[in-house]
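Comments concern the structure below.
Values in this text are rule-based calculations from the coordinates and carry no lab data. No experiment lies behind these values; they were computed from the predicted model shown. Quick reminder, even Gly has a Cβ in these numbers, built from the backbone with ideal geometry, and neighbours come from all protein chains shown.
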């Protein structure tokens, strides 16, 4: 019984990080569009790109972790 509670906690935390990372991807795309429209400096493009890369990485990792936890629950 305790093991299932721990697995659900891991799944819940991974799900929360997954949602935050998706929001980060959306924000990075929005700020990139803003930077292109208003022709801001190069550092803004670098920061937007870094935000996009890290958020995309977290989306990928949390997706694999969620799949792994789901497969553990099915066994």
Open item on the list: Which of 61, 12 has the fewest other C-beta atoms within 10 Å, and how do the rest follow up to the most?
Closed with: 12, 61
Task: On Cα atoms only, tilt of 42-74 relative to the major axis of the chain in degrees - done: 10 degrees
Task: Difference of contour (0.36 nm per residue) and Cα-Cα distance, residue 61 to residue 29 - done: 9.5 nm
Open item on the list: Need the full-extension length gain, residue 37 to residue 53, defined as separation in residues times 0.36 nm minus the C-alpha distance. One decimal, nm.
Closed with: 3.6 nm
Open item on the list: Compute a Gaussian network model of the chain, connecting alpha carbons closer than 10 Å, and tell me which residue from 18, 60, 38 fluctuates the most.
Closed with: 38
- [ ] Round to the nearest 10 and give me the degree value, 0 to 90, for the angle of helix 2-38's Cα axis relative to the longest principal axis of the chain.
- [x] 10 degrees
Task: Computed over the chain: relative contact order in percent, which uses C-alpha pairs under 8 Å that are six or more apart - done: 47 percent
Open item on the list: Based only on other Cβ atoms within 10 Å, what is the fewest-to-most ordering of 19, 65?
Closed with: 19, 65
Open item on the list: I need 53, 59 ordered by Cβ neighbour count within 10 Å, fewest first.
Closed with: 53, 59
